[in-house]
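Working notes, structure below.
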Amino acid sequence: MSDKSTDFGDGTRAVRAGLPEPVKYEPTLPGPVFAAHFHLPGEPTGPYTYGRDENPTWTLLERAIGELEAPGRDDVETLVFPSGMAAISAVLFSQVRTGDVVVLPNDGYQALPLVRRQLEEYGIEVRTAPTGGDAQLEVLDGASLLWIETPSNPGLDVCDVRRLAEEAHARGCLVAVDNTLATPLGQRPLDLGADFAVASGTKQLTGHGDVLLGYVASRNAALMASVRRWRKIVGAIAGPMEAWLAHRSLATLQLRADRQNANALALAEALRGRPEVTGLRYPGLADDPSHEIASRQMRRFGCVVSFSLPTRAHADRFLEALRLVDDATSFGGVRSTAERRGRWGGDAVAEGFVRFSCGAEDTDDLVADVLRALDESAD
Ligand SMILES: *Cc1c(COP(=O)(O)O)cnc(C)c1O
């Protein structure tokens, strides 16, 4: 039986992803391998020589993520990193050279402006455009790398990955998609034509708020060789314990995503009727501006809902009044979190803008807690 079969459903693939063939008296998922070096008599050939280059715990996790990002394909290669930013930097800084042009979203992850500054210091021209309306198309001429983040964080706009990838490739431009918010069970950028699927595994992929992780997946071996070289020279490597925890967490990805995303839809529907809520966004809502493209290219719409309350003070009162929802940054965990995004600066959001990440609580409990907190925080 091939675990990679596309015949299996997401839950079946998630619980089996990356597992080795069973070995008598061995655990199903081998424990983390802690090794700076491996015994290596004679000629120094792989697979395991030195711990910065390869580790068996990464190998299993990389195989697992590859099976989810590109089911049924033998040509996908995945590399894990110690954080999403390490993965993002690995792609950008291994692929672009002085004089190149890179197109970033202007409404993406909050560290992208820092990345922009670093790229510019290396003599790379950076252009930006919004995610919505495929606006990055307008600034693509002459670019060598297009960076897409869809749905965008925190605004939840969606762009047409297939269309952007076709237009980019017609101009000889590589395409990377940040797949953090959707997870590979929500969307498969490589199937949509992207050269790289990149993500933070810190969010819903691992889902417990206790691990930082990132990965890069691609079906282009030459591109991956340069990303691998980057990992080796920068030394941005995941700890074996984190890699093992991440692999263990993948088994429940479909269960968590289905519950959390159902909670997000229920919450969005409940918020729709509230007069104090404006700018409500969830790609799974039938009348959301992102819904049409999202339902064409996504299989799940994520666990994040965004909306605004009238003022900063109102949003702070709301967050304070929540009992089942922690005021915390990040998203994707099994316990709901929410935050007033404007407290960080950097995102172009209103003072009362709330990014809400739905956990795996019972839907009725979560929605009731939010509606009660809204009532209690009303002016
Ligand atoms: C969190 C996040 C990142 C960065 O990931 P880390 O694991 O925190 O380094 C990148 N992109 C998106 C969309 C994110 O939400």
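Structural remarks
- None of E276, E242 is outside the structural domain of Q204 (by TED's automatic domain parsing) and farther than 20 Å from T12 by Cα except E276.
- Where a residue in region 263-276 is among the acidic types (D, E) and its partner, wherever it lies, is at pLDDT 95 or above and surrounded by 17 or more Cβ atoms within 10 Å (Cβ to Cβ), with Cβ under 8 Å and at least six apart: E269/L285; E276/L309; E276/H314; E276/L374
- Restricting attention to region 136-175 and to residues that are in a helix (DSSP H, G or I) and of a type in the set (V, I, T), the residue that is nearest to the ligand (Cβ to nearest atom) turns out to be V161.
- Failed item in (1) under 29 Å from L245 (Cβ atoms); (2) within 16 Å of the ligand (Cβ to nearest atom), with T57 passing the rest: (2)
- Residues within region 196-241 that are surrounded by fewer than 20 Cβ atoms within 10 Å (Cβ to Cβ), within 13 Å of the ligand (Cβ to nearest atom) and of a type in the set (D, E, K, R), tallied: 1
- Some residue of region 289-301 being over 26 Å from A246 (Cβ atoms), in a loop (DSSP other than H, G, I, E, B), in contact (Cβ under 8 Å) with a residue 60 or more places away in the chain and within 16 Å of the ligand (Cβ to nearest atom): yes
- Of residues in region 176-199 being in a strand (DSSP E or B) and over 10 Å from the mean Cα position of the chain (by Cα), the one farthest from L140 (Cα to Cα): F196
- Flag for R340 being in contact with a helix residue (DSSP H, G or I) (Cβ under 6 Å, 6 or more places away or on another chain) and within 16 Å of the ligand (Cβ to nearest atom): no
- When region 343-361 is filtered for residues that are closer than 19 Å to A264 by Cα and not in a loop (DSSP other than H, G, I, E, B), the ones remaining, listed by number, are F353, V354, R355, F356, S357.
- Criterion: over 18 Å from V304 (Cβ atoms), touching a Lys or Arg at 6+ places or on another chain (Cβ under 6 Å) and surrounded by fewer than 18 Cβ atoms within 10 Å (Cβ to Cβ) - qualifying residue of V126, V139: V139
- Any chance N179 is within 14 Å of the ligand (Cβ to nearest atom) and in contact with a Lys or Arg (Cβ under 9 Å, 6 or more places away or on another chain): yes
- For A90: the one exception among (1) outside any helix (DSSP H, G or I); (2) touching a helix residue (DSSP H, G or I) at 6+ places or on another chain (Cβ under 6 Å); (3) within 13 Å of the ligand (Cβ to nearest atom): (1)
- Counted residues, region 191-214 - those being touching a strand residue (DSSP E or B) at 6+ places or on another chain (Cβ under 9 Å) and over 17 Å from D10 (Cα atoms): 16
Yes/no per residue for (1) at positive phi; (2) out of contact with any Leu (no Cβ under 7 Å at 6 or more places or on another chain):
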{"residue": "G99", "(1), (2)": "yes, yes"}
{"residue": "V102", "(1), (2)": "no, no"}
{"residue": "D107", "(1), (2)": "no, yes"}
{"residue": "Q110", "(1), (2)": "no, yes"}
{"residue": "E138", "(1), (2)": "no, yes"}
{"residue": "P151", "(1), (2)": "no, no"}
{"residue": "V158", "(1), (2)": "no, yes"}
{"residue": "R162", "(1), (2)": "no, no"}
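- In region 126-138 there is at least one residue that is more than 24 Å from R281 (Cβ to Cβ) and modelled with pLDDT of 95 or more.
- Looking across region 311-323 at every residue that is assigned to a loop (DSSP other than H, G, I, E, B) and surrounded by fewer than 16 Cβ atoms within 10 Å (Cβ to Cβ), the one that is nearest to the chain's Cα centre (by Cα) is identified as R323.
- Members of region 328-379 that are surrounded by 19 or more Cβ atoms within 10 Å (Cβ to Cβ), of a type in the set (S, T, Y) and under 26 Å from L255 (Cβ atoms): S336, T337, S357
The values are calculated or read from the model by the stated rules, or taken from the named source; none is laboratory data. Everything numeric in this text was worked out from a predicted model, so none of it was measured. Methodologically, a virtual Cβ is constructed for each residue, glycine included, from the backbone with ideal geometry; neighbour enumeration extends over all protein chains shown.
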